[in-house]
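Okay, so here's the structure we're looking at.
The values are calculated or read from the model by the stated rules, or taken from the named source; none is laboratory data. None of these values were measured; they are calculated from a predicted model. When we count neighbours, we look across all protein chains shown, and the Cβ atoms used for this are built from the backbone with ideal geometry, even at glycine.
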Amino acid sequence: MRYSNVVAVSGTIAQVEKTLDIHGTPPELAGQRCDELLCQQYWYGGSLESPANVVFLHVSSRWHRLTFDYGNIFWSIERERPAAEALPEIEAEYRIDDLGRHLAVNGLLIQSYDTRPTLEGAEVEFHFEGGRSVTFRDTGEQTVFIA
């Protein structure tokens, strides 16, 4: 799928000729309960480099995997709950953050989600019941979340 968008820049509107490529099939999540929302963090040399390197949503007994790569969005299905992984040979590790617990969205219904290009890459914003939302934004260098 390809999308283009109008992006706000410092309070003004600028037409951005930016396409958004989505790989894999975006899941039908509206009306589904979010059992868990996890982020795989990437750490290098003891420093957090990417707080949401990979996003995992557990919905209807399935793990949906969301990743970003320079404006591209990738959706896939995982068979198992993600696990932490140490890579001592390169001084790196992947940690699992239970973001859904921290943000109190585990157990809430997903009302909708929006996917859009940004100046730096792309973002996906999830809307939960009760007015809660969380946005995952690819900055080109890393993936961050905004709640």
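A few points about this structure:
- Condition check for ILE22: under 17 Å from the mean Cα position of the chain (by Cα) and at pLDDT 95 or above: no
- A search for C-beta distances below 6 Å between a residue of the range 37-60 that is buried (at least 20 other Cβ atoms within 10 Å of the Cβ) and any residue that is of a type in the set (S, T, N, Q) and modelled with pLDDT of 95 or more, counting only pairs 6+ apart in sequence or on different chains, returns VAL54/GLN40; VAL54/THR67.
- Only one entry in VAL105, VAL134 is part of a strand (DSSP E or B), at pLDDT 95 or above and within 19 Å of GLU36 (Cβ to Cβ), namely VAL134.
- Residue match in the range 69-85 (condition: surrounded by fewer than 17 Cβ atoms within 10 Å (Cβ to Cβ), free of Cβ contacts under 8 Å to residues at least 24 places away in the same chain and within 17 Å of LEU48 (Cβ to Cβ)): yes
- Among the residues making up the range 67-90, those that are closer than 18 Å to GLU123 by Cβ and either part of a strand (DSSP E or B) or modelled with pLDDT of 95 or more (or both) are THR67, PHE68, ASP69, ASN72, ILE73, PHE74, TRP75.
- Residue count for the range 117-126 under the criterion of being surrounded by fewer than 17 Cβ atoms within 10 Å (Cβ to Cβ) and within 14 Å of the chain's Cα centre (by Cα): the result is 1.
- Options GLU93, GLU49; residue that is in a strand (DSSP E or B), at pLDDT 95 or above and among the acidic types (Asp, Glu): GLU93
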